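Trainee: Structure in structure tokens, see below.
Read-outs throughout are calculated quantities, based only on the coordinates presented, and are distinct from any laboratory measurement. All values derive from a computational prediction rather than experimental measurement. As a convention, Cβ positions derive from the backbone with ideal geometry for all residues, glycine included, and neighbour counts pool all protein chains shown.
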Amino acid sequence: YVTYKEKMKRHDAQWTMNRALAIARGEKAVDLQEIDVCEEVPAAKVGDRVEVVPGGKRGVVKYVGRDLEGLPQGWWLGVCYDEPVGKNDGEVKGVRYFEAPKGHGSLVRPRNAQVGDYPPEEDFDDSDEI
């Protein structure tokens, strides 16, 4: 069983879904090596409360790292969400980056995380709604 992605990578080692979609839309395909990953130094640090967009998911930064094995180059934040809206428990592709309950963790790009004084989701009381 060969996935579509594996098949395309065998044909063109530089193939990526984003590149293929850009070409299909008639846009210039940007090569990842042309992007300066240094420009995206995260403002967030471990322990910061963040809101991740899109989606408005809130949580705590548990990990800050760069150029993670098996992921695109650049900075990544490991976020432990207040609710089970994540993709993992802090382990990605067999590597443990941080601890989180199952379904509460996710690695996100710093540009998608806004640092702020966001109260934990559980602090909102549904009985106050009209």
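Trainee: If r is the Cβ-Cβ distance from Glu83 to Ala43 and R0 is 22 Å, what FRET efficiency results, to the nearest 0.05? Mind showing how you got there, number by number?
Mentor: Details: r = 24 Å, r/R0 = 1.07.
In this case the efficiency is close to 0.40.
Trainee: Please go through the residue pairs Lys9/Lys57; Lys7/Lys62; Lys7/Lys93; Lys45/Lys87; Lys9/Lys45; Lys5/Lys62 and name each one whose alpha carbons sit more than 24 Å apart in this structure.
Mentor: Going by Cα-Cα distance, Lys9/Lys57; Lys7/Lys62; Lys9/Lys45; Lys5/Lys62 fall outside the 24 Å limit.
Trainee: Here's something else I'd like to know. Find how much the distance from Lys93 to Leu21 grows on full extension, using 0.36 nm per residue of separation minus their present alpha carbon separation; answer in nm with one decimal.
Mentor: Result for the pair: 23.5 nm of gain on full extension.
Trainee: In nanometres, what is the gap between the two model label sites at Lys7 and Asp117, each 7 Å from Cα along Cα-to-Cβ?
Mentor: A separation of 5.5 nm, rounded to one decimal place.
Trainee: Separate question: Name the long-range amide H neighbours of Asp48: under 5 Å, sequence gap of 5 or more, or other chain; modelled H, no Pro or chain starts.
Mentor: When sequence neighbours closer than 5 places are left aside, the close amide H contacts are Val61.
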